[in-house]
1. Could you say whether any residue in segment 63-75 is part of a strand (DSSP E or B), touching a residue at least 24 places away in the same chain (Cβ under 8 Å), outside the structural domain of residue 482 (by TED's automatic domain parsing) and more than 16 Å from the ligand (Cβ to nearest atom)?
2. Just to be sure I understand the filter: pairs with C-beta atoms under 7 Å, separated by 6 or more residues or on different chains, first member in segment 223-242 and farther than 12 Å from residue 281 by Cα, second member assigned to a helix (DSSP H, G or I) and of a type outside the set (D, E, K, R). Which pairs pass?
3. List every residue pair whose Cβ atoms lie under 7 Å apart, where the two residues are 6 or more positions apart in sequence or sit on different chains, the first residue falls within segment 400-417 and is assigned by TED's automatic domain parsing to the domain that holds residue 333 and assigned to a loop (DSSP other than H, G, I, E, B), and the second residue, located anywhere, is small (Gly, Ala, Ser) and within 16 Å of the ligand (Cβ to nearest atom).
4. Looking only at segment 111-127, count how many residues are closer than 26 Å to residue 200 by Cα and surrounded by fewer than 22 Cβ atoms within 10 Å (Cβ to Cβ).
5. Evaluate segment 227-246: report whether one residue or more is buried (at least 21 other Cβ atoms within 10 Å of the Cβ) and among the polar types (S, T, N, Q).
6. Going by what's in this entry, would residue 375 be described as assigned to a loop (DSSP other than H, G, I, E, B) and assigned by TED's automatic domain parsing to the domain that holds residue 241?
7. Does residue 89 satisfy the criteria of being part of a strand (DSSP E or B) and over 21 Å from residue 246 (Cα atoms)?
8. Would you check which residues across segment 403-426 are among the small types (Gly, Ala, Ser) and either within 13 Å of the ligand (Cβ to nearest atom) or in contact with a Ser or Thr (Cβ under 9 Å, 6 or more places away or on another chain) (or both) and list them?
Amino acid sequence: VTISVAKSGGNVTTSLQYGAMEEEINHCGEGGLYAELIRNRAFQGSTKYPSSLDAWSAVGRSSLSLQTLADPLSTALPNSVNVKGTGIVGLANEGFWGIDVRPQKYTGSFYVKGSYTGSFTASLLSSTGEVLATTKVASKSVANEWVQHEFILTPKKKAADSNNTFSLTFDGSKTSSGSLDFNLISLFPPTWNDRPNGMRRDLMQALADLGPKFLRFPGGNNLEGDTIEGRWKWNETIGPLKDRPGRATTWQYGETLGLGLVEYMQWCDDLGMEPILAVWAGLALNGEVVPEADLDFYVQDALNEIEFLTGSVDTEYGALRAKIGHPDPWKIRYVEVGNEDHLSDGLSSYRAYRFSAFYNAITAKYPDIQVLASTINMTIPGTAGGDYHLYDTPDNMVTQFDMFDNFSPDHPILLGEIAATEPNNAGNINWDDTHFSMYPWWIGTIGEAVFLLGAERNADKIIGTTYAPFLMNLDSYQWSPTLLSFNSNPDQTARSTSWHLYSLFNHNHMTNTLPATSSDAFGPLYYATGVDNKTNSHIFKAAVYNSTAEVPVSLTFEGVGRGTKADLTILTAPDPFAMNEVGGANIVNSKTTQIKAGKKGEFSFKLPNLSIAVLATQ
Ligand code: AHR
């Protein structure tokens with residue numbers, strides 16, 4: 001295939017291109033990125049998932065009972081556990097299916113109520129009962145008052161596995177009533193950037209290495225809620241943890257809301273990501289829609305949320321942000337209204353009044369914000385953009401390579417959820433079943449690469465692309481495959497085959513696309529071409545899908561002469577169904593070679609079938 005790339009005539013890209021999408025699914029946050037190690041730390045419940053003692057067990061001759069006391073820790077956390085017994089008694093937590101223990105500082109705290117003159121013992125224990133770390137905490141506990149206690153645990157060695165527990169004990173004979181009440185029992189390992197209430201380091205490292213340029217949050221279905229009342233309410237996710245009530249996710253478990261709006265923004269700060277904030281749009285997953293006459297309250301709530309994030313401290317919600325410790329406003333350039341509003345019978349009301357109500361109000365108050373519809377299945381008004389999601393077979397991903405060629409740049413599109421989820425020729429996706437693949441697999445990744453190249457060719461119209469869902473805890477998940485998979489042992493985190501694709505494309509960023517001509521049609525070689533104006537590096541990104549032989553390529557960039565050096569990176573895998581698994585070795589073979597342009601400035605190389613490649617001039 002001979003390809004000539006012109007030196008002008010392309011478009012300026014949006015500069016975001018590849019990002020991340022987060023919603024609470026697959027224990028992505030709870031028991032995942034959000035570094036809290038104690039599961040069910042505050043016995044939070046909801047109508048759907050009533051408060052329980054899940055993950056807790058009694059230690060010694062004690063009994064645990066769930067209580068809803070007349071004087072709870074807070075209105076948000078009305079439930080607590082009463083631990084009753086004589087001698088050394090207490091409670092133990094199994095963590096999110098294990099607790100990783102290694103020589104580092106663990107920061108813990110708990111609230112307790114009841115008169116007690118002894119001390120508490122906080123410990124990390126192996127499955128055989130070996131004490132991995134322990135500390136005594138002097139009691140400040142008194143009757144009729146909730147008192148917070150803090151402690152540090154520092155194990156001396158790495159545990160043999162992550163099958164460890166946390167225990168908190170006390171001497172029952174030194175209580176005045178024979179029992180104590182506990183709530184909000186928390187334990188954190190060191191977090192990314194050492195933020196209190198922060199994020200798990202290994203997963204953040206995998207994201208940092210990926211180099212995402214934006215974060216779409218907080219969902220996904222989880223934003224919408226099962227019911228209107230069950231929606232993700234931003235104002236319940238901020239402030240002290242004891243004031244966050246938790247809620248039922250739409251994914252079969254409850255969330256503490258410890259990973260809340262401010263934590264999302266700090267996550268963006270920490271990884272240099274542009275926030276793409278999704279606001280609730282008047283539609284719940286059960287199909288309930290807010291009637292037009294009642295919508296103002298929710299539109300105002302979205303404006304309040306944006307003011308909370310971006311307003312000066314002189315505004316009502318900017319002042320609230322300052323009050324909880326964040327005087328400096330953030331910048332928001334993109335707000336998406338809802339999620340997949342063409343589903344759940346939501347499209348007619350979205351078209352008729354819901355989208356325009358949010359769009360008009362947000363644009364009037366914040367003209368610099370680009371508002372996005374959560375669909376492209378409607379005429380998008382004014383300066384708004386859209387969001388397109390694709391979960392499909394590799395073949396169908398390839399078929400959509402040219403989908404964006406005729407789109408208008410007037411309504412830029414976010415590709416907010418993209419993944420190959422089903423093998424070719426396997427019929428329709430059965431959403432009630434687990435998907436074909438636990439992990440992204442190589443030919444699926446190649447299909448995604450072709451689709452991404454179609455988007456990059458149109459990178460003035462496509463705001464950016466993100467894989468979804470992003471993460472999955474292998475011990476409890478609802479949806480596979482995902483970009484990263486993990487369990488409680490950080491050494492076993494799997495960066496999927498698709499992670500390698502996104503990482504390669506992300507680290508070779510084009511500020512401008514450049515038009516290419518060739519006498520060969522696209523397929524089996526698909527590509528996008530451009531330049532990074534900051535470095536003057538000329539870039540060719542490609543994927544080979546279903547070729548019967550290696551594809552010889554002769555590539556010239558107008559203005560790039562003989563002898564110019566370029567790095568050519570080619571990703572391959574041992575077979576089309578190879579996957580990167582939790583605890584396994586990386587199967588993606590990445591080879592970078594330096595090549596030189598020939599007499600006519602041509603770069604000559606061959607790309608194997610089922611390969612992904614990037615050539616970047618030096
Ligand atoms: O990413 C998983 C789900 O897929 C999201 O919650 C939803 O937006 C889509 O249907």
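The values are calculated or read from the model by the stated rules, or taken from the named source; none is laboratory data. In this text the structure is predicted, and so the values were computed from the model without any measurement. For neighbour counting, all protein chains shown are included, and Cβ atoms are generated from backbone atoms with ideal geometry for every residue, glycine included.
1. The answer is yes; a qualifying residue exists.
2. From segment 223-242, the pairs are 234/261; 237/261; 238/261; 238/262.
3. From residues that are assigned by TED's automatic domain parsing to the domain that holds residue 333 and assigned to a loop (DSSP other than H, G, I, E, B), the pairs are 411/386.
4. 5
5. Within segment 227-246, one or more residues are buried (at least 21 other Cβ atoms within 10 Å of the Cβ) and among the polar types (S, T, N, Q).
6. When the stated conditions are applied, residue 375 passes them.
7. Taking the combined requirement at face value, the residue satisfies it.
8. Across segment 403-426, the qualifying residues are 416, 419, 420, 426.
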